[in-house]
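A.B. asks: Take a look at the following structure, please.
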Amino acid sequence: MHYIVIHATELSYPETVTRFQTAHQVSAHAVLRGSDGLVTEMVAPKNIAWHAGNWDMNVRSLGIEQEAFEHDASSFTAPMLRSLAELILTWSRKYAIPLDRAHIIGHDNVPGRTSADQLAMHRDPGKLFDWQRLFDLLGIATPRIREPQVGAAVEVVANVTSVYVSPTTDSALIVPTDQPAWQHQVSFGQQFVCAAQQDGWTAIWYGGQIGWVKNPANQVLTQVPADIWQTDAEMTEIYGTTQPDAEPLTTVAAGEQYVIGQRLTGLQTSEVAGRFQAQPTVTQFNQIWFNHRLAYVRA
């Protein structure tokens, strides 16, 4: 097990439980009730749930649905957040899942299987979910503030912030505002590589571009130790799955730099007599934060 994926139901607790008990081709391992944080197991952790929209991620992850709504901050209740933290801690100990944002992710961090899938991927739990408070409850301290250096890794220590094409809020966001928010935002705990510094702004490698984040007194991005991936090839393909026949999401150019979250063995899945099976391959992949979503590159 490599990941815990956090969701928001966009339905009430009873509606969610009913939906998961009927044939909708969706499921999660647990549902949390907003009013009191009640945890209801829907799929045993030893079994695969269909919650992530990406088969690789389903195979490697446990999914938790919160009775919450992406655009309603009040729906992310304190009792539910405490239950979420307790469940993550239990699963982390049992399945040796590290307590960091390379392994504890949102549904909005899951990559599409293909480039065409990317815009259709989910956005929950969304920008109103309090990642910082969750990691406080998990007992994980926010990194101490250090000034970013070009070529070093930086971690997001604000809950969410936007990425611009130039070091001014008068400039355009790194993608148009009518596109999904994950394309121009970073959130707490994500790690990127510093590409430049200028007058209270820090530039990062973000989705094949250099994007700028307002970073007064280094209170938004702070330098942290991390392994960094860089290719010298003119173009290198990145993927949304580790399948042998995976279609590239896009390519990155020589000189781009991204933080390695973990190294994974590829998977090959098949269907036998109506049952899906997954077997490891010999190919190794580096997991990176490419933009707001994860991606994979052959190691």
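A.B. asks: Residue 98 versus (1) surrounded by fewer than 17 Cβ atoms within 10 Å (Cβ to Cβ); (2) more than 16 Å from the chain's Cα centre (by Cα): which is the lone unmet condition?
C.D. replies: Going through the list (1) surrounded by fewer than 17 Cβ atoms within 10 Å (Cβ to Cβ); (2) more than 16 Å from the chain's Cα centre (by Cα), residue 98 breaks only (2).
A.B. asks: Looking only at residues that are in contact with an Asp or Glu (Cβ under 6 Å, 6 or more places away or on another chain), in a loop (DSSP other than H, G, I, E, B) and open to solvent by less than 20 Å² (accessible area, probe 1.4 Å) in the range 10-38, which one is farthest from residue 57 (Cα to Cα)?
C.D. replies: 34
A.B. asks: State yes or no: is residue 168 open to solvent by 40 Å² or more (accessible area, probe 1.4 Å), under 13 Å from residue 212 (Cα atoms) and outside any strand (DSSP E or B)?
C.D. replies: yes
A.B. asks: Out of 271, 237, which single residue is modelled with pLDDT of 95 or more, of a type in the set (D, E, K, R) and within 22 Å of residue 113 (Cα to Cα)?
C.D. replies: 237
A.B. asks: Could I ask something else about it? Select from the range 247-269 the residues that are assigned to a strand (DSSP E or B) and either without any contact (Cβ under 8 Å) to a residue 60 or more places away in the chain or farther than 30 Å from residue 222 by Cβ (or both) and list them in ascending order.
C.D. replies: 248, 251, 252, 253, 260, 263, 265, 266, 267, 268, 269
A.B. asks: From the list 154, 220, which residue is closer than 16 Å to residue 127 by Cβ and either of a type outside the set (A, V, I, L, M) or under 19 Å from the mean Cα position of the chain (by Cα) (or both)?
C.D. replies: Residue meeting the stated conditions: 220.
A.B. asks: Does residue 135 qualify as being under 15 Å from the mean Cα position of the chain (by Cα), surrounded by 18 or more Cβ atoms within 10 Å (Cβ to Cβ) and more than 15 Å from residue 191 (Cβ to Cβ)?
C.D. replies: Spelling it out, it is not the case that residue 135 is under 15 Å from the mean Cα position of the chain (by Cα), surrounded by 18 or more Cβ atoms within 10 Å (Cβ to Cβ) and more than 15 Å from residue 191 (Cβ to Cβ).
A.B. asks: Looking at the range 138-153, can you tell me whether even one residue there is part of a strand (DSSP E or B), open to solvent by less than 10 Å² (accessible area, probe 1.4 Å) and touching a strand residue (DSSP E or B) at 6+ places or on another chain (Cβ under 7 Å)?
C.D. replies: Looking for residues that are part of a strand (DSSP E or B), open to solvent by less than 10 Å² (accessible area, probe 1.4 Å) and touching a strand residue (DSSP E or B) at 6+ places or on another chain (Cβ under 7 Å), one finds at least one in the range 138-153, hence yes.
A.B. asks: For the range 52-63, how many residues are under 14 Å from the mean Cα position of the chain (by Cα) and open to solvent by 10 Å² or more (accessible area, probe 1.4 Å)?
C.D. replies: 2
A.B. asks: Counting only residues that are open to solvent by 50 Å² or more (accessible area, probe 1.4 Å) and in a strand (DSSP E or B), which one in the range 206-244 is farthest from residue 59 (Cα to Cα)?
C.D. replies: 214
A.B. asks: Check the range 57-77 and report whether any residue there is in a loop (DSSP other than H, G, I, E, B), among the basic types (Lys, Arg) and closer than 25 Å to residue 259 by Cβ.
C.D. replies: No, the conditions are met nowhere in the range 57-77.
The values are calculated or read from the model by the stated rules, or taken from the named source; none is laboratory data. Since this is a predicted model, take the numbers as computed values, not measurements. For neighbour counting, all protein chains shown are included, and Cβ atoms are generated from backbone atoms with ideal geometry for every residue, glycine included. Ligands, DNA and RNA are excluded from the accessible area calculation, which covers all protein heavy atoms including side chains. Shrake-Rupley method; radii C 1.70, N 1.55, O 1.52, S 1.80 Å.
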